[in-house]
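Only one structure is covered here, and it is reproduced in the block below.
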Amino acid sequence: GNKIGSGKVRILSNVDEMASFQEGEVLVADMTDPDWEPIMKKAGAIVTNRGGRTCHAAIIARELGIPAVVGSADATEKMSDGDEVTVVCSEGDTGVIYKGSLGFERKEEDLSHLPDIPVKLMLNLANPSRAFEYGQLPNAGIGLARLEFVINNVIGIHPRALLGFDKLPAEM
């Protein structure tokens, strides 16, 4: 990976605790599933006890451009709410979690000198709000768009919440 994020730890044991999660916090959980996506979009980084490169948290984090360490085994036990941490996914194949908010340098690469390639390269778009950013990359269009993210981005609610809207607590 190439992402770095820092923030205060927020440990959630289930998705019902999402109201306590604040924008930019580091989400720490045992694991995630599609119900967690609204929280994940607000996270500065994601850390899970369980999972691997193809687990839900890893895939969604890549799609959203959020650093993630999955399969840590014991993050929910070793970290505490409010701890300041930096999640680094730019130092090789394994992500690292450092105590404290560490400084880092961001480098931007000039892509204008890339050669043409003999294939049409299409992009997967998960987060509609990043479409302009991805549009700056050389590409032949969007090959796959995550519909639940498009709906969530336009309507502001996850499609699953719409299915059970009458069962949601009034405060949501």
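The values are calculated or read from the model by the stated rules, or taken from the named source; none is laboratory data. All figures in this text were calculated on a predicted structure; none of them were measured in a lab. So basically every Cβ, Gly included, is an ideal-geometry build from the backbone, and we count neighbours across all protein chains shown. What goes into the accessible areas is simple: the full protein's heavy atoms, side chains included, and nothing from ligands, DNA or RNA. Shrake-Rupley method; radii C 1.70, N 1.55, O 1.52, S 1.80 Å.
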Practice problem: Take the range 124-136 and flag every residue that is hydrophobic (A, V, I, L, M, F, W, C), free of Cβ contacts under 8 Å to residues at least 60 places away in the same chain and open to solvent by less than 70 Å² (accessible area, probe 1.4 Å). | Solution: Leu125, Ala131
Self-check item: Among the candidates Val150, Val119, residue that is at pLDDT 90 or above, outside any strand (DSSP E or B), open to solvent by 40 Å² or more (accessible area, probe 1.4 Å) and of a type in the set (A, V, I, L, M, F, W, C)
Solution: Val119
Practice problem: Look through Glu17, Glu77 and report the one residue that is over 25 Å from Glu171 (Cβ atoms), in a helix (DSSP H, G or I) and open to solvent by 60 Å² or more (accessible area, probe 1.4 Å). | Solution: Glu77
Quiz item: In this structure, is Glu109 of a type outside the set (Val, Ile, Thr) and open to solvent by less than 70 Å² (accessible area, probe 1.4 Å)?
Solution: no
Exercise. Report, by residue number, each residue of the range 1-49 that is hydroxyl-bearing (Ser, Thr, Tyr) and under 15 Å from the mean Cα position of the chain (by Cα).
Key: Ser6, Thr32, Thr48
Quiz item: Which residue pairs have Cβ atoms under 8 Å apart, sit 6 or more places apart or on different chains, and have a first residue in the range 155-172 that is outside any loop (DSSP other than H, G, I, E, B) and a second that is at pLDDT 75 or above and loosely packed, with under 11 Cβ neighbours inside 10 Å?
Solution: Pro159/Leu147
Quiz prompt | Any hit, the range 80-90, residues being touching a residue at least 12 places away in the same chain (Cβ under 8 Å), within 16 Å of Thr32 (Cβ to Cβ), in a loop (DSSP other than H, G, I, E, B) and open to solvent by less than 40 Å² (accessible area, probe 1.4 Å) | solution = no
Exercise. Inspect the range 50-68 for any residue being more than 18 Å from the chain's Cα centre (by Cα), under 28 Å from Arg160 (Cβ atoms) and open to solvent by 80 Å² or more (accessible area, probe 1.4 Å) and give the result as yes or no.
Key: no
Quiz item: Would the range 45-68 turn up any residue that is out of contact with any helix residue (DSSP H, G or I) (no Cβ under 8 Å at 6 or more places or on another chain), assigned to a loop (DSSP other than H, G, I, E, B) and among the hydroxyl-bearing types (Ser, Thr, Tyr)?
Solution: yes
Practice problem: Quickly run through the range 103-123 and pick out the residues that are in contact (Cβ under 8 Å) with a residue 24 or more places away in the chain and more than 20 Å from the chain's Cα centre (by Cα). | Solution: Leu111, Leu114
Quiz item: Do the conditions hold for Gly24, that is, is it part of a loop (DSSP other than H, G, I, E, B), under 22 Å from Leu102 (Cβ atoms) and either open to solvent by 10 Å² or more (accessible area, probe 1.4 Å) or at pLDDT below 95 (or both)?
Solution: yes
